[in-house]
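Asks: My structure is below; once you've seen it, I'll send some questions.
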Amino acid sequence: MARELIARVHGLTKRFGDRAVLSDVDTEIGRGEFVALLGRSGSGKSTLLRILAGLDSAIEGEARVDGAVSVAFQQPRLLPWRRVWRNVVLGLRDRGRDRTLAERALAEVRLADHADAWPRTLSGGEAQRVSLARALVREPDLLLLDEPFGALDALTRLAMHRLVEDLWTEHRPGVLLVTHDVDEALLLADRVLVLGEGRIIAEHVLDHPRPRALSDHIDIRARVLADLGVTDHAIA
Amino acid sequence: MSLSATDVLARPEEGSGAPARPARRRRLPDLRRWISPIALLVLWQLASSTGVLSPDQLSSPWTVLQAGVDTARSGELGEAFAVSIARVGLGFAFGAGVALVLGVIAGLSRWGGFLIDPPVQMLRTLPFLGLIPLFILWFGIGEEPKIVLVALGVTFPLYLNIHSGIRNVDDHLVEATTALGYTRWERLIHVVLPSAVPQTLVGLRQSLGVAWLALIVGETVNADAGLGYLINNAREFLRTDVIVVGLIVYAALGLLTDAVVRLIERRALRWRGN
């Protein structure tokens, strides 16, 4: 049986002026699949995410998402003048004042007692969890994560990895995680795409059962690093 | 109104232009701050009582107080007060309306910015109080020139702050709500305008300060009613006590409107914390 696709990208090219940031990209994301998109800075990975988020429509080719999309950015981007719970339900039209719903979502990211707080009073990790709750409360079919752990300290990042994995297991959205952290991708994803110079230059399927340890995909890690142009010698 | 004279004295003014933080009210005002004002008042009274200060130059605090009571009792003060408040109110409403419309259009639309901003920026360099002779020619010496003067004084600071408040909206927040499916209109209501509120309140305070100044100048030049009239009339009869009463009322009104804005700030900017 063919798997059900939630996102399909076909022949996608994106130019900024004369420069093609993405050229002729083909890929797809299955329903409930966790995909990590790796690449160096400027490889076009965030551009691809923005296109799937509907934030950039000036493209050539096709980028289609069948279903609801939510985004969590590197910065939490909470409205500072709305209390935490109001930020959580920001993207819900008719239920935009449904506090019960907001509290349930906050409980999932372990922030139930922060519902009435102002965003200013949250730590970086807490604000990022609110941002995750805001994305998930919409029950997206596709969750786009744009380096959501990049600005967090190392310990918080580890806790966030576990949290995202739990939430994904619970809700099973398709996920596209854009990151430049190879270990993060290998811990979380079903499949890793490596983007280089606007093209997908490698793809690796990760089948180790979860929760994973850093050593679980040590063989693939070396290959991914090679894809990214980092040799063993260079990281030794 | 929760602001007392004690509050005003107890709280040093925040730096101008800086977004005012909601000031924390003290339960117990520091009484030491009252020492020098009271001493000055006593000195003033002494100078008057001993004849160092002649009543033709400046009446004693006690006489001023009596004049205040008298003019209040006779209804003179209340009437003048009402007339002046109405002028500022009308002028402010008019000027603020214009500033709001122009500021929002110039802030939101590229073409609006191109078309509206340059003339406003040019006009604001005019010393608007110097326009009084023209206004008298255009509007005569009735209510209109005073109201227009106040409106003009209010428009510029408020426009500038609304405009820059809207222009400085955080694009990341706009983008985040776009990703949540917000339409242009919803982004305006939920992101752009709320983010312009702090700057707008700064403009509101500035413009209210200018409004009182414009009123005083307008009324002093020519008036047949209002506080300015009361003061000018008192000058004719060398009633320095009534002049001081008028000045005190002006000052009190300025403080009062400032206190109202502070109150609004305290409520509207709670999310910023203390």
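Computed from the coordinates by the stated procedures, all read-outs in this text should not be read as laboratory data. Being a predicted model, the structure only gives us computed values, none of them experimental. No Cβ is skipped: glycine too gets one built from the backbone with ideal geometry, and neighbour counts run over all protein chains shown.
Asks: Please state, rounded to one decimal and in Å, the Kirkwood hydrodynamic radius that the stretch A:5-235 gives when every pair of distinct Cα atoms enters the mean of 1/r.
Replies: 18.2
Asks: Return one number: the angle in degrees, 0 to 90 and rounded to the nearest 10, between the long axis of the Cα atoms of helix B:110-123 and the longest principal axis of the Cα atoms of chain B.
Replies: The helix B:110-123 is inclined about 20 degrees to chain B.
Asks: A further question on this structure: What is the distance in Å between the Cα centroid of the stretch A:74-111 and that of the stretch B:157-231?
Replies: When both Cα centres are located, 29 Å separates them.
Asks: Anything in chain A that counts as a DSSP H helix reaching 24 Å or more along its axis (C-alpha) with Kyte-Doolittle mean of at least 1.0? List them, would you? Provide the component values of the computation, followed by the final result.
Replies: Working: long enough: A:154-171 (25 Å, -0.18).
Once both thresholds are applied, nothing remains.
Asks: For A:Arg199, enumerate residues with amide H under 5 Å from its amide H, sequence gap 5+ or separate chain, H modeled in the peptide plane.
Replies: A:Ser23
Asks: Read phi for every residue in the stretch B:64-70 and hand back ³J(HN,Hα) as whole Hz from Karplus 6.51 cos²θ - 1.76 cosθ + 1.60, θ = phi - 60°, with x for Gly and Pro.
Replies: In residue order, the calculated couplings are 4, 4, 5, 4, x, 4, 4 Hz.
Asks: Taking only DSSP H segments of four or more residues, each worth -39500 (n - 2.57), what value at 222 nm results for chain B once the sum is divided by all its residues, to the nearest 500 deg cm²/dmol? Intermediate values should be presented prior to the final figure.
Replies: On the way: 12 runs with 196 residues, N = 274.
For chain B, the value works out to -24000 deg cm²/dmol.
Asks: Looking at the stretch A:5-235, send over the antiparallel percent of its DSSP beta bridges, to the nearest 5.
Replies: Roughly 50 percent of the beta bridges in the stretch A:5-235 run antiparallel, per DSSP.
Asks: Just to confirm the filter: which trypsin sites (Lys or Arg not before Pro) across the stretch B:156-228 are DSSP coil and have at most 11 other Cβ within 10 angstrom of their Cβ?
Replies: none
Asks: In peptide A:81-90, what is the residue-averaged number of other protein chain Cβ atoms found within 10 Å of each Cβ?
Replies: The per-residue average across the peptide is 2.
Asks: When the Cα atoms of the stretch B:86-231 are enclosed in a convex hull and the volume is divided per residue, what value in Å³ results? Could the numbers behind the result be given before it?
Replies: Numbers: hull volume 14.9 nm³, N = 146.
Here the figure is 102 Å³ per residue.
Asks: Whose amide H sits under 5 Å from the amide H of A:Leu5, counting only residues 5 or more places off or on another chain, with H placed in the peptide plane?
Replies: Those qualifying (amide H under 5 Å, at least 5 residues apart or on another chain) are A:Arg31.
Asks: Among A:Leu225, A:Leu22, A:Leu49, which one shows the highest mean-square fluctuation when chain A is modelled as a Gaussian network with alpha-carbon springs under 10 Å?
Replies: Of A:Leu225, A:Leu22, A:Leu49, the Gaussian network model singles out A:Leu225 as fluctuating most.
Asks: Over all residues in B:171-183, what is the mean tally of Cβ atoms on other chains that come within 10 Å of each residue's Cβ? Provide the component values of the computation, followed by the final result.
Replies: Details: counts 0, 5, 5, 1, 6, 14, 4, 4, 14, 10, 8, 3, 0.
Partner-chain Cβ atoms within 10 Å, mean over residues of B:171-183: 6.
Asks: Continuing with the same structure: In a GNM of chain B with a 10 Å cut-off on Cα contacts, which of B:Leu160, B:Leu180, B:Leu208 has the highest mean-square fluctuation?
Replies: Comparing B:Leu160, B:Leu180, B:Leu208 in the GNM, the peak value goes to B:Leu180.
Asks: Hey, what's the Kirkwood Rh for the protein assembly as shown if you take every pair of different alpha carbons, in angstrom?
Replies: 27.9
Asks: Quick one, what does Rg over Rh come out to for the stretch A:156-236 if you take C-alpha atoms and the Kirkwood Rh? All intermediate terms of the calculation are to be shown ahead of the outcome.
Replies: Values: Rg = 13.1 Å, Rh = 13.6 Å.
My calculation puts Rg/Rh at 0.97.
Asks: I need A:Met160, B:Met122 ordered by Cβ neighbour count within 10 Å, fewest first.
Replies: Values: A:Met160 19, B:Met122 9.
Exposure proxy ranking, most exposed first: B:Met122, A:Met160.
Asks: How much mean residue ellipticity at 222 nm does chain A get from its helices, if each DSSP H run of length 4 or more adds -39500 (n - 2.57) and you divide by all residues, to the nearest 500 deg cm²/dmol?
Replies: Helices in chain A give a 222 nm mean residue ellipticity of -9000 deg cm²/dmol.
Asks: What list do you get for B:Arg239, B:Arg267, A:Arg162 if you sort them by fewest beta carbons within 10 Å? Working shown, then result.
Replies: On the way: B:Arg239 21, B:Arg267 9, A:Arg162 12.
With the fewest neighbours first, B:Arg239, B:Arg267, A:Arg162 line up as B:Arg267, A:Arg162, B:Arg239.
Asks: Another one. Which three numbers, in whole Å and largest first, are the semi-axes of the equivalent ellipsoid of chain B derived from its Cα gyration tensor as √(5λ)? Walk me through the numbers on the way to the answer.
Replies: Working: eigenvalues 330, 132, 37 Å².
Square roots of five times the eigenvalues give 41, 26, 14 Å.
Asks: Still on this structure, I have one more. Sorted from fewest to most neighbouring beta carbons within 10 Å, what does the list A:Asp141, B:Asp30, A:Asp94, A:Asp216 look like?
Replies: By the 10 Å Cβ count, ascending: A:Asp94, B:Asp30, A:Asp216, A:Asp141.
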